[in-house]
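Heads up: the structure comes next, in structure tokens.
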Amino acid sequence: MLKINLDGVEYNAEDLSENGKAQAASLQFLEAQMSKLQSEIAVYQTARNSYVAALKAELNDLDN
């Protein structure tokens, strides 16, 4: 039996109306998409940090 947890309260998904099931499915989809975006942001931040480090190295070469 699929459970849905909202604000610390657990509900049986089977007890939901069709509209409730659709809302839960939409919420599940959005949470998966947000997780994917957070992973992508982590990759972008890592790349950004590499670019910043490379730029700092170039700037240090100018000072020497």
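The values are calculated or read from the model by the stated rules, or taken from the named source; none is laboratory data. All figures in this text were calculated on a predicted structure; none of them were measured in a lab. Backbone-built Cβ (ideal geometry, glycine too); neighbour counts: all protein chains shown. Quick note on the areas: whole protein, heavy atoms, side chains included, nothing else; ligands and nucleic acids left out. Shrake-Rupley method; radii C 1.70, N 1.55, O 1.52, S 1.80 Å.
Is there any pair linking a residue in the stretch 1-21 that is open to solvent by less than 80 Å² (accessible area, probe 1.4 Å) to one that is among the aromatic types (F, W, Y), with Cβ under 8 Å and at least six apart or on different chains, and which?
Within 8 Å, the pairs are I4/Y11.
Among the residues of the stretch 50-64 satisfying the criterion of being among the polar types (S, T, N, Q) and in a helix (DSSP H, G or I), which is nearest to the chain's Cα centre (by Cα)?
Looking only at the stretch 50-64, we keep the residues that are among the polar types (S, T, N, Q), and these are 50, 60, 64.
Those left that are additionally in a helix (DSSP H, G or I): 50, 60.
On the way: S50: 22, N60: 36 Å.
Among residues in the stretch 50-64 that are among the polar types (S, T, N, Q) and in a helix (DSSP H, G or I), the one nearest to the chain's Cα centre (by Cα) is S50.
Please pick out the residue among A47, A24 that is open to solvent by less than 70 Å² (accessible area, probe 1.4 Å), at pLDDT below 95 and either part of a helix (DSSP H, G or I) or not hydrophobic (A, V, I, L, M, F, W, C) (or both). Give the derivation first.
Numbers: A47 fails: at pLDDT below 95.
Result: A24 is the single residue among A47, A24 that is open to solvent by less than 70 Å² (accessible area, probe 1.4 Å), at pLDDT below 95 and either part of a helix (DSSP H, G or I) or not hydrophobic (A, V, I, L, M, F, W, C) (or both).
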